[in-house]
Amino acid sequence: MGHYFVNDDNLRSNRHQFEVTIVSHKFVFNTDVGVFSKCHIDFGTKLLLENIEYDKVNGTILDIGCGYGPIGIVLAKLTNCFIHMVDINLRALALVEINAKLNGVNNILIYESNMFDNVNHIFNMIVTNPPIRAGKKIVYEMMVKAKDYLTDDGSLWFVIRKQQGAESLIKYLSDIYELAIVKKKKGYFVVKARKI
């Protein structure tokens with residue numbers, strides 16, 4: 001079985017396309033086997049995107065673990081920001097290229113990176129639906145390291161489910177960030193974390 005946080009050259013391909021409306025804008029996405037949530041935008045990602053303060057977003061943004069691109073592409077379309085989109089999954093990155101063109105987005109930079117390994121920039125905002133299935137250790141490490149890649153007034157936005165350890169992660173990060181729970185719905189938490 002292929003996981004969305006690894007590369008598998010032997011994975012079959014079975015492309016799928018769907019439309020979705022986010023913040024009154026229509027988007028089209030191509031997905032494939034071996035990427036996260038290949039049939040539709042998952043509830044957590046959509047909830048995150050519907051609760052970002054778009055009017056307050058500025059500067060440069062990092063979409064880490066971007067998958068086929070819904071977070072970064074929506075941000076690129078709805079803001080004037082420049083978006084870095086990174087993932088370890090090469091199939092996902094190839095889909096980002098296709099989806100960016102489909103949605104008329106060109107204010108993005110797409111590149112491979114295992115977490116922050118190839119990231120050499122400081123951001124006003126980092127956004128993620130973290131790779132829970134990669135394990136708690138990796139998720140916690142990613143969230144903590146994000147602080148080093150934020151401007152002094154930068155923020156980390158993420159979504160996590162109560163059943164996936166939302167409350168323990170929020171408690172752990174409260175020593176590192178000033179946290180605000182922006183939205184809670186159906187067991188999902190949308191969190192904004194600012195540097196202390």
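The values are calculated or read from the model by the stated rules, or taken from the named source; none is laboratory data. As the structure is a prediction and not an experimental result, all values here were calculated from the model. Using ideal geometry, Cβ is built from the backbone for each residue, glycine included, and neighbour counts are taken over all protein chains shown.
Please go through region 173-196 and pick out each residue that is surrounded by 15 or more Cβ atoms within 10 Å (Cβ to Cβ), over 18 Å from the mean Cα position of the chain (by Cα) and not aliphatic (A, V, I, L, M).
Answer for region 173-196, where residues must be surrounded by 15 or more Cβ atoms within 10 Å (Cβ to Cβ), over 18 Å from the mean Cα position of the chain (by Cα) and not aliphatic (A, V, I, L, M): TYR177, LYS195.
Any chance region 30-52 includes a residue that's of a type outside the set (S, T, N, Q), under 11 Å from ILE110 (Cα atoms) and modelled with pLDDT of 95 or more?
No, because not a single residue in region 30-52 is of a type outside the set (S, T, N, Q), under 11 Å from ILE110 (Cα atoms) and modelled with pLDDT of 95 or more.
Being assigned to a strand (DSSP E or B) and under 13 Å from MET125 (Cα atoms) is the filter; apply it to region 28-76 and report the residue that is farthest from the chain's Cα centre (by Cα). Lay out the reasoning, then the answer.
First, pick out the residues of region 28-76 that are assigned to a strand (DSSP E or B): 28-31, 60-64.
Still in the list and also under 13 Å from MET125 (Cα atoms): 60-64.
Working: THR60: 14, ILE61: 10, LEU62: 8, ASP63: 5, ILE64: 5 Å.
Going through the qualifying residues, I end up with THR60.
When region 138-188 is examined, which residues are found to be of a type in the set (D, E, K, R), at pLDDT 95 or above, within 17 Å of ASP42 (Cα to Cα) and assigned to a strand (DSSP E or B)?
Across region 138-188, the qualifying residues are LYS183, LYS184, LYS185.
I'm checking my understanding of the structure. Among residues of region 134-171 that are within 12 Å of PHE189 (Cβ to Cβ) and under 15 Å from the mean Cα position of the chain (by Cα), which one is surrounded by the fewest Cβ atoms within 10 Å (Cβ to Cβ)?
ARG161
Given the conditions (1) polar (S, T, N, Q); (2) touching a strand residue (DSSP E or B) at 6+ places or on another chain (Cβ under 6 Å); (3) surrounded by fewer than 18 Cβ atoms within 10 Å (Cβ to Cβ); (4) modelled with pLDDT of 95 or more, report the number of the one that GLN17 does not fulfil.
(4)
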